[in-house]
Amino acid sequence: MNATEDALTELSNKLRIDPDDMDVELITQPNDFYHAATGVAMAISLRDQAKNDLDVAESELYLMFRRDAVEKLTEAQLDAMVKSHELRVEYFDKYLKAKQWADRWLALRDSFTQKGHALRELAELHKLNYFGERSTNPVSADAEHRLRKRATLDDHN
């Protein structure tokens, strides 16, 4: 799976847990996590390349401005000239987009980590028949309370 917008959307749609299909959820979770982690690796690589490109562009601009300066520039002047140059602005925008992309993939991977924890907890609850008692008991909470109260009164009589 590639680190594309479609891949990110497809994986995002798999975050919701279907409690009626726990066996499939437990089986597919490791594969989905792997794809999210792979997307993170690719997105981080793109982000790091964009950061390197930005650093190289800034270095070249610093050298150019120093070389072409008629008079000695202060560091503050040099910084301002480099940071406002259109080439630096272009590379900085590319870096920010790559950073945002990597952050989205990181959030997705973290969400799959959380889903894994939730699946373990849900599996434990199923093992304890937590949901079975509630789903098979047709008695409402109010009726159940009245029945327990009545049973307590019967025990005292």
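Looking only at residues of segment 11-22 that are part of a helix (DSSP H, G or I) and modelled with pLDDT of 95 or more, we find that the one that is farthest from the chain's Cα centre (by Cα) is L11. For segment 88-109, does any single residue satisfy the condition of being under 20 Å from L46 (Cβ atoms), in a helix (DSSP H, G or I), among the hydroxyl-bearing types (S, T, Y) and modelled with pLDDT of 95 or more? Yes, because at least one residue in segment 88-109 is under 20 Å from L46 (Cβ atoms), in a helix (DSSP H, G or I), among the hydroxyl-bearing types (S, T, Y) and modelled with pLDDT of 95 or more. Is there a residue being more than 24 Å from Y34 (Cα to Cα), in contact (Cβ under 8 Å) with a residue 24 or more places away in the chain and not acidic (D, E) anywhere in segment 116-123? Taking every residue of segment 116-123 in turn, none turns out to be more than 24 Å from Y34 (Cα to Cα), in contact (Cβ under 8 Å) with a residue 24 or more places away in the chain and not acidic (D, E). Is it the case that some residue within segment 15-29 is surrounded by 12 or more Cβ atoms within 10 Å (Cβ to Cβ), under 28 Å from D93 (Cβ atoms) and out of contact with any helix residue (DSSP H, G or I) (no Cβ under 7 Å at 6 or more places or on another chain)? No, because not a single residue in segment 15-29 is surrounded by 12 or more Cβ atoms within 10 Å (Cβ to Cβ), under 28 Å from D93 (Cβ atoms) and out of contact with any helix residue (DSSP H, G or I) (no Cβ under 7 Å at 6 or more places or on another chain).
Of all residues in segment 111-120, none satisfies being surrounded by 14 or more Cβ atoms within 10 Å (Cβ to Cβ) and more than 30 Å from I17 (Cβ to Cβ). Listed by first and then second residue, the pairs linking a residue in segment 10-23 that is closer than 14 Å to R109 by Cα to a residue that is surrounded by 10 or more Cβ atoms within 10 Å (Cβ to Cβ) and at pLDDT below 90, with Cβ atoms under 9 Å apart and 6 or more places separating them unless they lie on different chains, are E10/M1; L11/M1.
Filter segment 31-77 down to the residues that are of a type in the set (V, I, T) and in contact (Cβ under 8 Å) with a residue 24 or more places away in the chain, then identify the one that is surrounded by the most Cβ atoms within 10 Å (Cβ to Cβ). Step by step, filter segment 31-77, then rank; the result is V40.
The values are calculated or read from the model by the stated rules, or taken from the named source; none is laboratory data. Worth saying up front: this structure is predicted, and the values here are computed from it rather than measured. Note: ideal-geometry Cβ built from the backbone for every residue, glycine included; neighbour counts use all protein chains shown.
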